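K.L.:
Here you go, one structure.
The values are calculated or read from the model by the stated rules, or taken from the named source; none is laboratory data. As the structure is a computational prediction, the values presented were derived from the model and not from experiment. Don't worry about glycine lacking a Cβ; one is built from the backbone with ideal geometry, like all the others, and counts go over all protein chains shown. Please note that ligands, DNA and RNA were not included when accessible areas were found on the heavy atoms of the full protein model with its side chains. Shrake-Rupley method; radii C 1.70, N 1.55, O 1.52, S 1.80 Å.
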Amino acid sequence: MNSLSQITSCLILGSTDPHPNVTPSVLFGLGWLYLILFAMNVVWTWRSFHKARHFRLPEFMGGMDIPNAALWSIYSIALLLVSVTHLTCASVPEALRWFVMPDFAKAAVDSVVADARIYFAVTTGAFIAMLALRDWLAKPNVGWGILNLSLLFLCVSLTDWDFRQIVGKPDNVPIVAMLFIVGYFTWLYFYRANQNDRRAAEGKVPAEAENNEKVLTWPDLVYTEMICMIAITALLILWGIALQAPLEEPASAVKTPNPSKAPWYFLGLQEMLVYYDPWLAGVVFPSVIIGGMMAIPYIDFNKLGNGYYTFNERKFAITTFMFGFLPLWVGMIILGTFLRGPNWNIFGIYEFWDVHKLEALNNVNLSEYFWLYGLGQPLPIAPADSSFVVKSGYILLREAPGFIAIGAYLGAMPMVLAMSVFKTFFLRMGFLRYMVFSNLVLMMAALPIKMVLRWAVNLKYFIAIPEWFFNV
Amino acid sequence: MSVGDYIRDSQIWKSIFRHPAPYDRRNRVVVMLTNFFLHLHPVSIKQHGIALSYTWCMGGITFFLFLVETITGVLLMFYYRPTLEWAFNDILALRDVTTLGIMREIHRWGAHAMVITVWLHMYRVFLTGSYKPPREFNWVVGVILLKLTLLLSFTGYLLPWDQLAIWAITVGSNMARATPVLGHEGPGFQFLNLGGYDLITNASDARFLLLGSRFVGEETLNRFYILHCVAIPLASAGLIAIHFWRVRKDGGISQPL
Ligand code: HEM
């Protein structure tokens, strides 16, 4: 529905629409958010002014030198105007139609996020782009620009009712905050790593090694800690006043909510359930993640990069770990929290959670691909009155393609890799350590691989033995 | 003589703090050595090790949040009774009538924050390569602490005994049903049988062990309450002590070799 007509109907008829996108109080609140954004940018303009950096316009635009601070100040003033408009015109929403997320933009965003394939492709693509463009991204002005863009996106999106429902849930607020915090620290890492990598290229020691004068713990450390503790306490109290901890209806064993979600920090695991059975997604993989993390110090033989930030000296380790943490762990939590709705279907961030949304599921097992489509014959089935051993033999025969595929993946693949891309790793690690390492990497890759196979050829299971609860 | 001086000169003060106020170099050293809480720290420390942009202070914040959770948690325990009859109503009362019911908010938001900060701490430790020798073992201790932090949060999630709580725990603990060999819907559970009788059933498998029942019920509430308020906090506190001890013994905050 057109947002403007919604606004007007809401104004004329009172709140007839049960899900109004914009109401005066929403617009008023946004006015305050824009005001905070304005204040942040005033500080940034001030900083730019003191750094006194310039950038040069391209020749066809005159080729002039313009101070960065000039741009930021124009932007800040614009924010101030936006904020004042919101605060003063909140009751005349027509005046604010330019600051409402337009329907075509909502549709565009939703078409990206509401499809697990595109979501995964975009997050992985963004991850690769981040590594490739790290020199540019780690510039303070670029980082600040990205922060502003994402905050503006958040503000404009808040004019949507469905978006507010999902983002504004008290338990989800920390997850939104976490996105920004993780983003900030990733940025900080690249900032410091680039600095050290540049120093290394000039033959200098890392910045951390130069900053090694000893200072007394009292006062230099204990005061920082004190301030930190006060800040955290204040934050928790304010947060507690602003947001009430959720309390739903009393527990009832017969009323199953739809969707039923695990606590948010386990939603990455719950997301894996879409692709792997509980014994893998809920038991084996978490154990492998924990065990694999503990094994990291004993696997990583690279002596460089101990005690300082660097990317160039630890490219493989950093890329692998970050891929696991950002797109796979945090990315899956976002997917599980904000996009998974009733019946575990995926919904866009501006989409209504419709319980009746249907998604066709007809997935095919590898054994069916092999016997039915490949060889054109029925699946091997044991004669009805055969013994346990015979039945088992038939089952194993039926699933032989899957066993061979998995065996090749975890057994032969490490050998192939050892002779190709992981050659140096193999030589430096020794057999046992290399096998542990390569199996961990392959298991981590097993999730994206299964996802892609599911989307590309509707693969259900590599090995499907429901008789024994053994599905892979 | 100012009041401050008078207090600092009194016998009581001197019996607590065994030296003058840390205004000069000597006493700033002595305070670190004689104070029980401060002796966690070394007397002096390399400048880069206390730079916020190096450690992000995330380990410290995690520890502080652990303390906040302990204090608010003990306060909550004065009000909350882990029984089907009272659990939900006590939380309701905390929300609506109890003075300082905000302790529940602080406890819940602090728990969310702690999960986030412990991840960020691990992220920082990885990105600075601080798990490399000689700190390998402390990384391992850290991974266990991470796991315990998540379990603390998970067991606490059940206690309000509302729809959110029991269904999140149901979804989470259903996984245990599928544990290989030890879950009654896990691959290989048939291996454990005696003369044709399955030893692993829905009343004896890993999930039953976790829940104390075949579904999330009163026994589960009791089990999770004890795990949440006694067992896991004690384990975490012990491991945190080892973690800190090892930070010192491994040479303090990591630095370029
Ligand atoms: C309850 C959880 C935890 C607490 C309270 C905690 C606390 C701390 C503190 C206060 C430090 C001092 C330096 C700093 O603040 O960064 C530290 C260092 C360290 N932590 Fe943790 N930590 C926890 C979990 C973890 C986890 C999950 C890991 C890794 C998986 C880890 C690995 C380490 C290592 C290797 C060091 C030494 C780092 C260095 O020397 O630079 N810790 N921890």
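K.L.:
Looking for something in contact with a strand residue (DSSP E or B) (Cβ under 7 Å, 6 or more places away or on another chain), within 16 Å of the ligand (Cβ to nearest atom) and free of Cβ contacts under 8 Å to residues at least 24 places away in the same chain - is there at least one such residue anywhere in segment B:13-36?
P.N.:
Looking for residues that are in contact with a strand residue (DSSP E or B) (Cβ under 7 Å, 6 or more places away or on another chain), within 16 Å of the ligand (Cβ to nearest atom) and free of Cβ contacts under 8 Å to residues at least 24 places away in the same chain, one finds none in segment B:13-36, hence no.
K.L.:
Further question: List the residue pairs whose Cβ atoms are under 8 Å apart, where the first residue sits in segment B:231-253 and is on the phi > 0 side of the Ramachandran plot and within 14 Å of another protein chain (Cβ to nearest Cβ), the second is open to solvent by 60 Å² or more (accessible area, probe 1.4 Å) and more than 7 Å from the ligand (Cβ to nearest atom), and the two are 6 or more positions apart or on different chains.
P.N.:
B:251/B:134
K.L.:
Of these, B:173, B:236, which one is modelled with pLDDT of 85 or more, within 16 Å of the ligand (Cβ to nearest atom), of a type in the set (S, T, N, Q) and in contact with a Leu (Cβ under 6 Å, 6 or more places away or on another chain)?
P.N.:
Going through B:173, B:236 in turn, the sole match is B:236.
K.L.:
So residue B:171 fits all but one of (1) facing chain A (nearest Cβ under 7 Å); (2) assigned to a loop (DSSP other than H, G, I, E, B); what number is the exception?
P.N.:
For residue B:171, the exception is condition (2).
Residue by residue, here is whether (1) at pLDDT below 90; (2) crowded, with 18+ Cβ neighbours inside 10 Å; (3) more than 8 Å from chain B (Cβ to nearest Cβ) holds:
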site: A:283; (1), (2), (3): no, yes, no
site: A:288; (1), (2), (3): no, no, yes
site: A:311; (1), (2), (3): no, yes, yes
site: A:326; (1), (2), (3): no, yes, yes
site: A:338; (1), (2), (3): no, yes, yes
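K.L.:
Check whether at least one residue in segment A:344-359 is closer than 21 Å to residue B:172 by Cα, among the β-branched types (Val, Ile, Thr) and open to solvent by less than 30 Å² (accessible area, probe 1.4 Å), and report yes or no.
P.N.:
Yes, there is a match, as at least one residue in segment A:344-359 is closer than 21 Å to residue B:172 by Cα, among the β-branched types (Val, Ile, Thr) and open to solvent by less than 30 Å² (accessible area, probe 1.4 Å).
So that you can scan it fast, the table gives a plain yes or no per residue for (1) in contact with an Asp or Glu (Cβ under 7 Å, 6 or more places away or on another chain); (2) at pLDDT below 95; (3) more than 14 Å from the ligand (Cβ to nearest atom):
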{"site": "B:43", "(1), (2), (3)": "no, yes, yes"}
{"site": "B:51", "(1), (2), (3)": "no, yes, no"}
{"site": "B:64", "(1), (2), (3)": "no, no, no"}
{"site": "B:68", "(1), (2), (3)": "no, no, no"}
{"site": "B:74", "(1), (2), (3)": "no, no, yes"}
{"site": "B:77", "(1), (2), (3)": "no, no, yes"}
{"site": "B:87", "(1), (2), (3)": "no, no, yes"}
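K.L.:
Please work out which residue is nearest to the ligand (Cβ to nearest atom), limiting yourself to segment B:182-216 and to residues that are within 11 Å of chain A (Cβ to nearest Cβ) and touching a residue at least 24 places away in the same chain (Cβ under 8 Å).
P.N.:
Looking at the filtered set, the residue picked out is B:206.
K.L.:
Which of (1) part of a helix (DSSP H, G or I); (2) modelled with pLDDT under 90 is the odd one out, the single condition residue A:71 does not satisfy?
P.N.:
Of everything listed in (1) part of a helix (DSSP H, G or I); (2) modelled with pLDDT under 90, residue A:71 misses just condition (2).
K.L.:
Between B:179, B:201, B:170, B:220, which is open to solvent by less than 20 Å² (accessible area, probe 1.4 Å) and not acidic (Asp, Glu)?
P.N.:
Just a single option satisfies the conditions, and that option is B:220.
K.L.:
Next up: Just a yes or no: is a residue in segment B:25-44 farther than 18 Å from residue A:218 by Cβ and outside the structural domain of residue B:128 (by TED's automatic domain parsing)?
P.N.:
Restricting attention to segment B:25-44, the residues satisfying the condition of being farther than 18 Å from residue A:218 by Cβ are none.
No, segment B:25-44 has no match at all.
K.L.:
Let me ask something else about it. Residues that are touching a residue at least 40 places away in the same chain (Cβ under 8 Å): list the helices (runs of 4 or more DSSP H) wholly contained in segment A:361-472 that include at least 1 such residues. First the steps, then the outcome.
P.N.:
Details: elements: A:388-398, A:400-407, A:413-419, A:423-429, A:431-457.
Result: A:388-398, A:400-407, A:423-429, A:431-457.
K.L.:
A follow-up question, please. Scan (1) under 21 Å from residue A:33 (Cβ atoms); (2) assigned to a helix (DSSP H, G or I) for the single condition residue A:118 breaks and write down its number.
P.N.:
Status for residue A:118: all satisfied but (1).
K.L.:
I'd like the residue in segment B:125-136 that is near the ligand (Cβ under 9 Å from one of its atoms) and more than 7 Å from chain A (Cβ to nearest Cβ) and, out of all such residues, is nearest to residue A:297 (Cα to Cα).
P.N.:
Filtering first and then ranking leaves B:135.
K.L.:
A further question follows. Please go through segment B:147-165 and give me each residue that is facing chain A (nearest Cβ under 8 Å) and in contact with a helix residue (DSSP H, G or I) (Cβ under 7 Å, 6 or more places away or on another chain), ordered by number.
P.N.:
B:147, B:150, B:153, B:154, B:157, B:160, B:161, B:162, B:165
K.L.:
Residues being within 7 Å of chain A (Cβ to nearest Cβ) and under 25 Å from residue B:151 (Cα atoms): count how many of those fall in segment B:36-60.
P.N.:
3
K.L.:
What single numbered condition from (1) within 11 Å of the ligand (Cβ to nearest atom); (2) touching a residue at least 24 places away in the same chain (Cβ under 8 Å); (3) among the acidic types (Asp, Glu) fails to hold for residue B:162?
P.N.:
(1)
K.L.:
Suppose we keep only residues that are in contact with a strand residue (DSSP E or B) (Cβ under 9 Å, 6 or more places away or on another chain) and assigned to a helix (DSSP H, G or I) within segment A:270-281. Which one would you say is nearest to the other protein chains (Cβ to nearest Cβ)?
P.N.:
It comes out as A:279.
K.L.:
Show the residue pairs that are 6+ apart or on different chains and have beta-carbon atoms under 9 Å apart, the first residue being within segment A:47-70 and closer than 19 Å to residue A:140 by Cα, the second being assigned to a strand (DSSP E or B) and among the aliphatic types (A, V, I, L, M).
P.N.:
Note: pairs meeting the criteria are A:54/A:66; A:55/A:66; A:56/A:66.
K.L.:
What number of residues within segment A:15-46 satisfy the criterion of being open to solvent by 50 Å² or more (accessible area, probe 1.4 Å), closer than 21 Å to residue A:142 by Cβ and within 28 Å of the chain's Cα centre (by Cα)?
P.N.:
Total satisfying the criteria: 1.
K.L.:
Shifting gears a bit: Could you check residue B:254 against (1) open to solvent by 20 Å² or more (accessible area, probe 1.4 Å); (2) over 25 Å from residue A:268 (Cβ atoms); (3) within 15 Å of the ligand (Cβ to nearest atom) and say which number it fails?
P.N.:
(1)
K.L.:
For residue A:265, state whether it is surrounded by 19 or more Cβ atoms within 10 Å (Cβ to Cβ), in contact with a helix residue (DSSP H, G or I) (Cβ under 7 Å, 6 or more places away or on another chain), assigned to a loop (DSSP other than H, G, I, E, B) and aromatic (Phe, Trp, Tyr).
P.N.:
Spelling it out, it is not the case that residue A:265 is surrounded by 19 or more Cβ atoms within 10 Å (Cβ to Cβ), in contact with a helix residue (DSSP H, G or I) (Cβ under 7 Å, 6 or more places away or on another chain), assigned to a loop (DSSP other than H, G, I, E, B) and aromatic (Phe, Trp, Tyr).
K.L.:
Yes or no: residue B:97 surrounded by fewer than 22 Cβ atoms within 10 Å (Cβ to Cβ), within 9 Å of the ligand (Cβ to nearest atom) and in the same structural domain as residue B:222 (by TED's automatic domain parsing)?
P.N.:
It is false that residue B:97 is surrounded by fewer than 22 Cβ atoms within 10 Å (Cβ to Cβ), within 9 Å of the ligand (Cβ to nearest atom) and in the same structural domain as residue B:222 (by TED's automatic domain parsing).
K.L.:
Also: Just a yes or no: is a residue in segment A:214-232 facing another protein chain (nearest Cβ under 9 Å) and farther than 20 Å from residue B:46 by Cβ?
P.N.:
Initial filter on segment A:214-232 (facing another protein chain (nearest Cβ under 9 Å)): A:214-222, A:224-225, A:228-229, A:232.
If we keep only those that are farther than 20 Å from residue B:46 by Cβ too, we end up with A:229, A:232.
Looking for residues that are facing another protein chain (nearest Cβ under 9 Å) and farther than 20 Å from residue B:46 by Cβ, one finds at least one in segment A:214-232, hence yes.
K.L.:
Filter segment B:61-94 for residues that are facing another protein chain (nearest Cβ under 9 Å), open to solvent by 20 Å² or more (accessible area, probe 1.4 Å) and under 24 Å from residue A:251 (Cα atoms) and give the result.
P.N.:
B:84, B:88, B:89, B:92
K.L.:
So for segment B:135-158 (the condition being in a loop (DSSP other than H, G, I, E, B), β-branched (Val, Ile, Thr) and open to solvent by less than 10 Å² (accessible area, probe 1.4 Å)), does at least one residue qualify?
P.N.:
For segment B:135-158, residues in a loop (DSSP other than H, G, I, E, B), β-branched (Val, Ile, Thr) and open to solvent by less than 10 Å² (accessible area, probe 1.4 Å): absent.
K.L.:
Mind telling me which of the residues A:246, A:257 ends up being within 30 Å of residue B:213 (Cβ to Cβ), open to solvent by less than 30 Å² (accessible area, probe 1.4 Å), within 7 Å of chain B (Cβ to nearest Cβ) and in a loop (DSSP other than H, G, I, E, B)? Outline the logic, then answer.
P.N.:
Working: A:257 fails: open to solvent by less than 30 Å² (accessible area, probe 1.4 Å).
The unique qualifying residue is A:246.
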